[in-house]
Amino acid sequence: MKKNLMNKFTLKILSLAVAILIWLLVVNIENPVRSETYWNVPVTIVNESYLTSDLQIPLLVDGDDTVTVRIRATSDVLRSINKDSIVAEADMTQIVSMDTTPYMVPVRVVCPGVLEEDITVTPANIPIETDELTSQAMTISPSVGGTIPEAGYEVGKLTVNPEKVTISGPEDLTSKLDRVVADIDVSGMNQSGNVSSTLHVYDKNGDELSDTQMSYLNFQDVENNKVEVYVELWKVRPDISIQASCSGTPEKGYQVSSVSTVPNTISIAGTDEALQELAENGNTITIPASQIDVSGQKEDFEQTIDIEEYLPKNTMLTRDVSSSVIVSVAIIPYNSKEYVIPATSIDRKKQPEDMTAVITDDSVTVRIKGSEEALEKLEESDIKLSIDTSKYTTEGEYDVPVEVTLPEGYELVEKVTVRVTLTPSAERQTEE
């Protein structure tokens, strides 16, 4: 009886062992252990301060700043791993020898869910160079890039806090630094306020530093390379008039007929106080007469003026508005007068067959000479204008002479032309 019981107990133990073995086999078949290789895993340096007491900073060597990692784990674990989840570090406190140039530093690799003994790294040590640790203070330039606030507003002023930053790092890198930029996005903003910005650093070639280069730099008094930029928005005021006058005296026998500008109105933005002061001055910006000198002139001329020089304090041109204003000065002989007559007043005597003539100018300028008394009596309706386009037979644009008929006692100062576009008539197009 006792022997029979022992046999049963032995069978139970044996059955349990077989069951465990079968379970392990099933598990291994369903979720087998295998190896996976990950190439070009970037290495980061840790404990850089180990060398800073000697005013040295460790640097990865280009071409030797990655390692190959081989991981042995179950399929489930390997499926959850990618190169970004693998951390490869070169610990400066573990330098193999201080007598080599460059230093050789062991690489330690960790990966979530994987034991260190199941990780193989190649090469096991990587070279680390050093450079002298230096620092320099640089101002921070704010930039909105291509972003724009809500319609009706412009970015007036940008104030960075802090305004400058002290950057420390390897001398070879810090000596090439050119500017520090705080890029911000003002898209859709309609009120002033602070905007957080990450600093971007550029070298003297205008290239932005890479993530690896940035990792070598330390920004003092700036947390996580972020600063605050206060954006002051200014309201837009459209239809601001431009006025211009002139100084000096034209050549003897000539006089200034008119002074005009293109454009004659612009849009500006400014603080509430500046726009209020501008409104009190008739919403007008004046170009000083001293800037337009007509001395010795006997014919029309143009002069380009930078209007930004004459904007009131705390105002600016709105985006996409050119600062160039063209001032046109009309010079005419004494005892003459200038008339601007709508093109619709021009009579068309003859037109070419099978062609349609369209006047594209809005108006023409007619200069007439006569006595002062006679010119005062001359009305625009007394001036008769006509054109003859019969000799123009091909499609295109032409400067067509304008025939000017004046009452007795008046003289035309100079010839007049008008821009005309000729196109085939509807009948001719149908025939073709």
Members of segment 329-343 found to be within 15 Å of SER258 (Cα to Cα) and not β-branched (Val, Ile, Thr), listed by number: ALA330, PRO333, TYR334, ASN335, SER336, LYS337, GLU338, TYR339
List the number of the failed condition for ALA343; all other conditions in (1) surrounded by 14 or more Cβ atoms within 10 Å (Cβ to Cβ); (2) not assigned by TED's automatic domain parsing to the domain that holds THR417 hold. (2)
Look at THR68 and say whether it is surrounded by 10 or more Cβ atoms within 10 Å (Cβ to Cβ) and at pLDDT 85 or above. yes
May I ask you to list the residues in segment 85-125 that are among the aliphatic types (A, V, I, L, M), in a loop (DSSP other than H, G, I, E, B) and either in contact with a Phe, Trp or Tyr (Cβ under 6 Å, 6 or more places away or on another chain) or modelled with pLDDT of 90 or more (or both)? ILE86, ILE95, LEU115, ALA124
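Would you confirm whether any residue within segment 378-385 is at pLDDT 90 or above, in contact with a Phe, Trp or Tyr (Cβ under 8 Å, 6 or more places away or on another chain), crowded, with 16+ Cβ neighbours inside 10 Å and farther than 27 Å from PRO352 by Cα?
yes
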When residues of segment 153-167 are filtered for being in contact with a Lys or Arg (Cβ under 8 Å, 6 or more places away or on another chain) and acidic (Asp, Glu), how many remain? 1
Of the numbered conditions (1) within 30 Å of GLY296 (Cα to Cα); (2) of a type outside the set (Ser, Thr, Tyr); (3) at pLDDT below 90, ARG348 fails exactly one; give the number of that condition. (1)
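Just for segment 348-360: of the residues that are out of contact with any Asp or Glu (no Cβ under 9 Å at 6 or more places or on another chain) and exposed (fewer than 15 other Cβ atoms within 10 Å of the Cβ), which one is farthest from TYR334 (Cα to Cα)?
Top of the filtered list is GLU353.
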Every residue from segment 137-150 that is outside any loop (DSSP other than H, G, I, E, B) and free of Cβ contacts under 8 Å to residues at least 60 places away in the same chain: ALA137, MET138, THR139, SER141, SER143
Just a yes or no: is a residue in segment 302-313 of a type in the set (Ser, Thr, Tyr), modelled with pLDDT of 95 or more and within 30 Å of LEU375 (Cβ to Cβ)? no
Go through the residues of segment 204-213 one by one and say whether even a single one is surrounded by 12 or more Cβ atoms within 10 Å (Cβ to Cβ), at pLDDT 95 or above and not charged (D, E, K, R). no
Tell me, yes or no, whether segment 176-188 has at least one residue that is within 22 Å of ASP65 (Cα to Cα) and surrounded by fewer than 12 Cβ atoms within 10 Å (Cβ to Cβ). no
Complete set of residues in segment 386-413 that are under 17 Å from GLY370 (Cβ atoms), surrounded by fewer than 13 Cβ atoms within 10 Å (Cβ to Cβ) and in contact with a strand residue (DSSP E or B) (Cβ under 8 Å, 6 or more places away or on another chain): THR405, GLU411
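The values are calculated or read from the model by the stated rules, or taken from the named source; none is laboratory data. As the structure is a prediction and not an experimental result, all values here were calculated from the model. Cβ sites come from the backbone with ideal geometry, for glycine too, and all protein chains shown count toward neighbours.
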